[in-house]
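Just so it is clear, none of the values below were taken in a lab; they were calculated from the coordinates. Worth saying up front: this structure is predicted, and the values here are computed from it rather than measured. Note that we place each Cβ from the backbone using ideal geometry, even for glycine, and neighbour counts take in every protein chain shown.
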Amino acid sequence: MWQLDSTTLLVIIGMTIVTYGTRLSGLLLAGHLKLSRRGRTALNAIPAAVLVSVIAPTALATGWAETLAAIVTIFAALRLPVLATIGIGVASVVVFRMLLG
Amino acid sequence: MIVHSIIEDEDSLGQTRSYLKDDIIPAFRDIWPLSVAMIPIAMLFGALASGKGFSLLETFLMSFLVFAGSSQFAALELWQQPIPVLAILFSTLLINARHMLMGLSIGPKLVMSKPLRWIAVYFMSDEIWAVAEKRAQNHQVTAAYWFTLIAIFPTTWFSFSVIGALVGPLLGPPERIGADFAFTAVFIALVTGFERSRTTLMTIAASAITAALSYYFLGSPWHIMIGAFCGIIVAYLFADTGEGENVAA
């Protein structure tokens, strides 16, 4: 319950430093950064590019149940609040796994 | 609304204003719905972490110190023995690189001393940032406002991470109730919340296809770097160069 693995602690501290670094660097750069329109578009694309890349294996390369559930979730997300979207996504993967598995 | 009076007294903060009425209560009103929505997600994080062998203390420390949900979920996704330390840190950097842009945008809008700003951005999650940006459209984002957000939202995140770690194992394997998919659903919800431009759609398509292919052929964690890189390149090459190109959803 209270044990603390040294490698796990190292990862947590590393993640803390990296995360705070990204949060602080924007604050420090504010007002000093000149970006072209293209450069700004590319930087703006980072969140979507990264988040999509993280879930692509589950959504596209795991099984039909997950892929179909991802499609259902996308349609839910376009109309519904976050909580309802997650609920529908989770319920649909359970249903598709029962039907296909 | 008393927008004008707040914007006018730039240098006399706190003298003619009531912290409670003008900052603390509005902050509470703005952040509580997001905090409630975060409870099941925090609990899922705790449950998945305990499934990966995290102790309660380790779960608490990660949620308390890192406080960046998507990168915490991604770290769990990559978690195995031996722990791929560098891959986890690299994916944290990639996923949280967006905070740099958020800091660029919100930094000049924070009406507080420099040391307070340094502390303030420590807690700048997507939700805190989004609420503060909205507030900045017609109010000042004061220290009292920002730190009220922080008193509520991060506290919810790390407390319910721990509660999830405690009750998660009682609910059985997360796959049985589809809880493993909640992470994917959260990310889909976040991505559809972004500005829906042609460039965003092309970025998403490029990243999804290249990430899935590199996962299939090269394995984890290469899919994150390759997929993200391809998406960013596509955004750069096909950047909207004119106005009015946003497509309706």
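Would you mind estimating how fast the stretch B:58-191 diffuses translationally, via Stokes-Einstein at 10 °C and 1.306 mPa s with the Kirkwood radius over Cα pairs, in µm²/s? Before the final figure, lay out each step's value.
Working: Rh = 16.5 Å.
For the chosen part, D equals 96 µm²/s.
Running a GNM on chain A with Cα contacts under 10 Å, which residue among A:S36, A:S25, A:S53 ends up with the highest mean-square fluctuation?
A:S25
Positive end of the charge dipole of chain B (Lys, Arg +1 and Asp, Glu -1 on Cβ, about the Cα centre): tell me which of B:S105, B:A239, B:W157 has its Cα farthest that way.
B:W157
Given all pairs of different Cα atoms, what value in angstroms does the Kirkwood hydrodynamic radius of chain A take?
Averaging 1/r across every pair of different Cα atoms and inverting gives 17.3 Å.
Residues of B:165-176, mean number of Cβ from any other protein chain within 10 Å of their own Cβ, rounded to a whole number?
1
Given R₀ = 30 Å, FRET efficiency for B:L86-A:L28 by Cβ-Cβ distance, to 0.05?
Numbers: r = 25 Å, r/R0 = 0.84.
Once the sixth-power term is evaluated, E becomes 0.75.
Using a 10 Å cut-off on Cβ to Cβ distances, tally the other chain neighbours for every residue of B:194-203 and report the average as a whole number.
3
How far apart, in nanometres, would the label points at A:M1 and A:L83 be if each is projected 7 angstrom from Cα along the Cα-to-Cβ direction?
Going from the A:M1 label point to the A:L83 one covers 3.0 nm.
From the C-alpha coordinates alone, can you work out the Kirkwood hydrodynamic radius of the stretch A:58-101, in Å?
Final number for the Kirkwood radius of the stretch A:58-101 is 10.2 Å.
What is the projected area of the convex hull of the Cα atoms of the stretch B:28-88, averaged over all directions, in nm²?
4.6
Over the whole of B:52-63, what's the average partner chain Cβ count within 10 Å per residue? Rounded to a whole number, please.
4
For B:K114, go through the lysines and keep the ones whose alpha-carbon is under 30 Å away, minus same-chain ones fewer than eight residues off.
A:K34, B:K21, B:K134
Roughly how many debye, to the nearest 20, is the charge dipole of chain B about its Cα centre, given +1 on each Lys and Arg Cβ, -1 on each Asp and Glu Cβ, and no other charges?
Values: 13 positive and 18 negative charges, 70 e Å.
Value, rounded to 20: 340 debye.
Suppose each label sits 7 Å from its Cα in the direction of the beta carbon; what would the B:L218-B:L170 distance come out to in nanometres?
Calculated label separation equals 4.4 nm.
About its Cα centre, what dipole magnitude does the protein assembly as shown give when the only charges are +1 on Lys and Arg Cβ and -1 on Asp and Glu Cβ, stated in debye to the nearest 20?
Here the size comes out at about 280 debye.
Taking every pair of distinct Cα atoms and averaging 1/r, then inverting, what Kirkwood hydrodynamic radius in Å comes out for the stretch A:1-50?
Here the Kirkwood hydrodynamic radius works out to 13.6 Å.
Please find the FRET efficiency linking A:S36 to B:Y19, where r is the Cβ-Cβ separation and R0 is fixed at 56 Å, and quote it to the nearest 0.05. Don't jump to the answer; show the numbers that get you there.
Working: r = 42 Å, r/R0 = 0.75.
Plugging the Cβ-Cβ distance into 1/(1 + (r/R0)^6) gives 0.85.
Which of the listed residues, B:A47, A:I74, A:M1, is farthest toward the dipole's positive end in the protein assembly as shown, when Lys, Arg count +1 and Asp, Glu count -1 at the beta-carbon?
So the residue we want is A:I74.
Compute the long axis of helix A:37-60 from its Cα atoms, compare it with the longest principal axis of the Cα atoms of chain A, and write down the angle in degrees, 0 to 90, nearest 10.
Compared with the principal axis, the helix lies near 40 degrees.
What is the Cα radius of gyration of the protein assembly as shown over 2.2 N^0.38 Å, N being its residue count?
Normalised Cα radius of gyration, the protein assembly as shown: 1.00.
Pick from B:S55, B:S113, B:S71: which residue has the top mean-square fluctuation in a GNM of chain B where Cα pairs under 10 Å get a spring?
Among B:S55, B:S113, B:S71, the largest GNM mean-square fluctuation belongs to B:S113.
If you find the alpha carbon centre of the stretch B:158-211 and of the stretch B:67-116, how far apart are they in angstrom?
16
Please express the Cα-Cα pair-distance distribution P(r) of the stretch B:105-159 as a list of whole percents, one per 5 Å bin, running from 0 to the bin with the greatest distance.
All Cα pairs, binned at 5 Å, distribute as 4, 20, 36, 25, 11, 3, 0 percent.
On average over all directions, what projected area in square nanometres does the stretch B:153-238 have, based on the convex hull of its Cα atoms? Mind showing how you got there, number by number?
Details: hull surface 30.7 nm².
Hull-based average projected area comes out at 7.7 nm².
Going by average Cβ neighbours within 10 Å, how do the peptides A:12-18, B:35-41, B:91-97 rank, with the highest at the top? Display every interim value, and only then the final one.
Values: A:12-18: 19.3, B:35-41: 17.7, B:91-97: 24.6.
Final packing ranking: B:91-97, A:12-18, B:35-41.
Given axes a ≥ b ≥ c from the Cα gyration tensor, I'd like to know whether chain B is rounded (a/c under 1.5), prolate (a/b larger than b/c) or oblate.
Because a/c hits 1.5 or more and a/b fails to exceed b/c, chain B counts as oblate.
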